[in-house]
Amino acid sequence: MNVYGNACTKEAGCVMAIGAFDGVHRGHQEIIRKMIRKSELLGIPSAVFTFDPPPKAFFRAADVLTPVGEKVRRIKKLGVDTVIVASFDRAYTERTASQFILDLSAFSPREIYVGGDFRFGKNRAGDVGLLSTHYIVNKAETICCDKGAVISSTRIRGLMKTGKRKEAVTLLGWPV
Ligand SMILES: Cc1cc2nc3c(=O)[nH]c(=O)nc-3n(C[C@H](O)[C@H](O)[C@H](O)COP(=O)(O)O)c2cc1C
Ligand SMILES: Nc1ncnc2c1ncn2[C@@H]1O[C@H](COP(=O)(O)OP(=O)(O)OP(=O)(O)O)[C@@H](O)[C@H]1O
């Protein structure tokens, strides 16, 4: 596990957002900004817990929009104090949902932000319900584009593949 920024410790605690965040697209930015606002309100550090490579790249060979260095840079640029990157390899996918919950406790998250469909742990056994029995969990609302379609890394990968760069950039909110 690599940790960028030392603001978030067990003692200091944090408000945390968790996810693959490949591309750090406009949907991701919204959830991260909400998390930062809450951390400012509570007067504690903000943190993002993410994975390298993104689980979809590991399991389904999806194209990676942002290599880890660029992903961390984008997340920091949004104003996040600490970025935690777990190495997503075969051994890591064997960690159970309970082990992952225990991993998080090293950063004492006071509140956590995820999407409603967030899953974690071996065979995706953990869900928001389970996480909520341990932490205060905020479920982010889904952000859509102007045409009303959900913004996702998968959608942006498709646009890039078919040469629709301009549309991809609009959904990403970053230049490519
Ligand atoms: C410890 C751990 C183990 C995981 N094991 C699996 C797995 O066995 N199969 C799978 O499809 N995804 C697995 N995942 C990936 C999650 O399903 C999910 O993609 C990840 O938590 C990121 O959330 P997000 O997809 O909402 O961004 C695992 C995640 C974690 C944290
Ligand atoms: N459009 C969106 N609006 C709000 N939250 C989002 C949006 N897309 C993803 N999220 C949330 O951001 C976190 C990271 O999501 P993830 O990186 O898996 O998103 P994704 O774009 O759907 O990726 P993929 O298409 O590869 O599955 C999750 O908690 C997820 O629910």
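A short reminder: the numbers here are calculations on the coordinates, not readings from a lab. The shown structure was predicted, so the numbers you read here are calculated from the model rather than taken from an experiment. Here Cβ is always computed from backbone atoms with ideal geometry, including for glycine, and neighbour counts include all displayed protein chains.
Couple of notes before you dig in:
- Single condition THR142 does not satisfy, out of (1) surrounded by 15 or more Cβ atoms within 10 Å (Cβ to Cβ); (2) outside any strand (DSSP E or B); (3) within 14 Å of ligand 1 (Cβ to nearest atom): (1)
- In the range 101-118, residue farthest from the chain's Cα centre (by Cα) [restricted to those that are among the aliphatic types (A, V, I, L, M) and under 12 Å from CYS8 (Cα atoms)]: ALA106
- Scoring LEU102 on the criteria (1) of a type in the set (A, V, I, L, M); (2) within 21 Å of PHE58 (Cα to Cα); (3) surrounded by fewer than 17 Cβ atoms within 10 Å (Cβ to Cβ) leaves a single failure, condition (2).
- When restricted to residues that are in contact with a helix residue (DSSP H, G or I) (Cβ under 6 Å, 6 or more places away or on another chain) and either within 12 Å of ILE18 (Cβ to Cβ) or small (Gly, Ala, Ser) (or both), the range 129-138 contains 1.
- Taken over the range 35-58, the residue count meeting the criterion of being surrounded by fewer than 20 Cβ atoms within 10 Å (Cβ to Cβ), in contact with a helix residue (DSSP H, G or I) (Cβ under 9 Å, 6 or more places away or on another chain), over 14 Å from ILE18 (Cβ atoms) and not charged (D, E, K, R) is 2.
- Count - residues of the range 83-135 that are on the phi > 0 side of the Ramachandran plot and either among the aromatic types (Phe, Trp, Tyr) or within 14 Å of ligand 2 (Cβ to nearest atom) (or both): 1
- Test: residue in the range 39-53 that is over 16 Å from SER108 (Cα atoms), more than 14 Å from ligand 2 (Cβ to nearest atom) and part of a loop (DSSP other than H, G, I, E, B): no
- Enumeration of residues in the range 32-85 that are over 13 Å from the mean Cα position of the chain (by Cα) and small (Gly, Ala, Ser): SER39, GLY43, ALA57, ALA61, ALA62, GLY69, GLY79
- Scope the range 72-115; condition in contact with a strand residue (DSSP E or B) (Cβ under 7 Å, 6 or more places away or on another chain), within 12 Å of VAL24 (Cβ to Cβ) and in a helix (DSSP H, G or I); matching residues: VAL72, ILE75, LYS76
- Within the range 105-127, the residues that satisfy the criterion of being buried (at least 17 other Cβ atoms within 10 Å of the Cβ) and among the hydrophobic types (A, V, I, L, M, F, W, C) are PHE107, ILE112, VAL114, PHE118, PHE120.
- Qualifying residue in the range 40-50 (condition: over 14 Å from TYR4 (Cβ atoms), within 16 Å of ligand 1 (Cβ to nearest atom) and touching a strand residue (DSSP E or B) at 6+ places or on another chain (Cβ under 6 Å)): no
- Matching entry among VAL83, VAL64, VAL68 (being within 26 Å of MET160 (Cα to Cα), in contact with a helix residue (DSSP H, G or I) (Cβ under 9 Å, 6 or more places away or on another chain), of a type in the set (A, V, I, L, M, F, W, C) and crowded, with 17+ Cβ neighbours inside 10 Å): VAL64
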